[in-house]
Structure formats: structure tokens, C-alpha cells
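Everything on this sheet refers to the single structure shown next.
A short reminder: the numbers here are calculations on the coordinates, not readings from a lab. All of these numbers come straight from a predicted model, not from anything done at the bench. Ideal geometry is used to build each Cβ from the backbone, glycine not excepted, and the neighbour counts take in all protein chains shown.
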Amino acid sequence: QRVVRTIPIIFHVFTDGLGAENLDELTIQAQVDQLNIDYADLAGSTYAVSADTEIQFCLAQVNESGIQLDEPGINRVTSYGDGPFTRNDFDTSMKAATQWDPTKYFNVWVADLSGGILGYAQFPDNSGLDGLNVDGGPANTDGVVVLYSSVGSIANPNPNGGQYNAGRTLTHEAGHWLGLRHIWGDGGCNVDDYCDDTPLAGDANYGCPNVDSCVFGNTDPDMVENYMDYTDDSCMHTFTVDQSTRIAAVMDNCPRRMELA
Ligand code: ARG
Ligand code: ZN
Ligand code: CA
């Protein structure tokens, strides 16, 4: 039986009110559609171990005071201009100043970012929980930051996002936010992502290569189509059974926070 957890998102769009970073409602909706396709294993995975994570996302309908939003899921923030911003700008002040209650919303900050970064996430806080190997930060920086030009979908790709224009950056970052590691374990062939059904990989992959980076003790090629690699958006189509199990463990056990209605 499928037991879906639906997580309300608020997109904090950092903009001066003009320009491509000021994403319209259609683009935001396209991104949520892509998340829901990817997290339900509807992206055409070719792997037997692919899985429906039973996580879905929706646009927040009300603000923190319970007032209906004019634009569901969108909070336009104009007080900081249109950037570009650094990770430090977000983590030391802008996140905390704009975050909505992280027990009720998945906070996604959308902005022009400097330094070629597509996005980044904060792991869930697993204090008091052994074995998950995640270690999140404080509640007031909980959420993910995404480059505006990466927001979109396969059906509605962002015109400014190059090979990262189809919404998979948020699929990837939400994966971290739900406790998933990179498939190369951020180490090498000796470091795992704590998921047995994602083959060992030595490093991040780019593009969409055919590669087997860890030939000792591992006969499977790298799962470059996994959302937790660094390959092109058009290459990605898979979360696995073990990744899905990990997400469920996080949702069941981590003190985040999310009180799902
Ligand atoms: N944090 C990664 C980066 O900034 C995200 C990679 C997302 N990959 C993608 N195909 N959209 O590089
Ligand atoms: Zn990552
Ligand atoms: Ca693995």
C-alpha cells in the first residue's frame, strides 16, 4: 500500500522585481511537477532497484498566519535586490531573516548565486539518532538554496539553465534535505553512501557517461542516472529502494520538524 507524505514548499524568490530571477508561477509549478515525477519513480528509470519514495510536494497554500497566498508556494523577497549572493550571505543572515516555520514548510530559497554553484542543502538533524550518518545544522537555516536558472522541468526547461535547466537540482538538493548522500559518498571507492543498491563510485560524474569508477570489489558501473550524482538533468531518472528506505527513516526519526497534515 502506498502511503504518501506530501510536503508543502515555500519558494522564497530573491529578486529586485525585474529580470529572469523573478520566476513566474508556471515555472515554479513546473518545478514541483518535476519533483513529484522524480520522487514517485515516474521519470522512466531503467533500473530494477528504482523506487517510489512515497514523498510528494505541494505548493504552500497559506502563510504562517494562515492567510491564503495570492501566489501559492511563492514568497517574493525584494529587500536584498537580485544578487548574485554567496552561500555565506544565505547562511549567516538571509535564510534566518526570511525562513518560514521549518516544522510546517520545506523552505526553498531561489536566487542568483555566485561561483557557479547550482544549489546546496542542509542535512536533517539526526541528534539522538544513530546510524543515519547525517548531521544537519540549526533549525533556522533548515532548507535548500537553488540557483534560479536551474528551476524548471523536463516539460518546461528553464531557458537560462544550460544542461541543469530541468529541475533536477532541486530533486538532488531535496534528496540531501531528506538525508541522502552523494552516490560516491564524498570520498572514493572506499566510502559508501550507506545504500547497498547504489554501486560504489569514486567521484562525481558529469554529463552522462558510461563509467565504472570502482573496479575493485564492485562489478557494477556507476549509477550516473541517480539523482544524487552530478550528471546532466537529462541523464537523471533514479532513486533506489535503499535511498527510499533512508528517506523514510529520516522522516520517521529525525527531529525535523515536519508536522505533516
Ligand atoms: N550541489 C550541486 C552543484 O551545485 C547540484 C548538482 C545538481 N545537478 C544537476 N544535474 N542539476 O553542483
Ligand atoms: Zn549534492
Ligand atoms: Ca552505495
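Altogether, the Stokes-Einstein calculation at 25 °C and 0.890 mPa s, with the Kirkwood radius of the range 13-167 over Cα pairs as Rh, returns a diffusion coefficient of 147 µm²/s. Listed values for the range 9-24 are Karplus-derived 3J(HN,Hα) couplings in whole Hz (6.51 cos²θ - 1.76 cosθ + 1.60, θ = phi - 60°), namely 10, 10, 8, 8, 8, 8, 7, 8, x, 10, x, 5, 6, 8, 4, 8, and x replaces Gly and Pro.
Residues whose amide H lies under 5 Å from that of Phe85, counting only those 5 or more places away or on a different chain, are Asp112, Leu113, Ser114; hydrogens are built 1.01 Å from N in the peptide plane. For the chain, the alpha-carbon coordinates run over 53, 39, 36 Å along the three principal axes, in decreasing order.
Here the extension length gained between Gln163 and Asp196 equals 9.0 nm, from 0.36 nm per residue of separation less the Cα-Cα distance. A Förster distance of 45 Å, applied to the separation of the beta-carbon atoms of Asn210 and Gln68, puts the FRET efficiency at 0.35. As a length-normalised measure over Cα pairs under 8 Å and 6 or more apart, the relative contact order of the chain settles at 22 percent. Shown in residue order for the range 235-240 are the 3J(HN,Hα) couplings computed by the Karplus curve 6.51 cos²θ - 1.76 cosθ + 1.60 at θ = phi - 60°: 8, 7, 7, 9, 10, 9 Hz (x for Gly and Pro). Working ranking of peptides 9-22, 160-173 by packing, defined as the average number of other Cβ atoms within 10 Å per residue, highest first, is 160-173, 9-22.
Remark on the chain: Cys58, Cys195, Cys254 stand apart, with no other cysteine beta carbon under 4.7 Å.
Backbone amide hydrogens, once placed in the peptide plane, bring Trp109 within less than 5 Å of His12, Val144, Val145, Val146, excluding anything fewer than 5 places away on its chain.
Couplings 3J(HN,Hα) for the range 103-108, derived from phi with the Karplus relation 6.51 cos²θ - 1.76 cosθ + 1.60 (θ = phi - 60°), are 7, 10, 9, 8, 7, 10 Hz, where x marks Gly and Pro. Got a sec? Which residues in the range 53-95 would a label at Leu18 touch, if it sits 7 Å along Cα→Cβ and we count backbone N under 20 Å? In the range 53-95, the label zone of Leu18 (backbone N under 20 Å from the point 7 Å along Cα→Cβ) covers 76-85.
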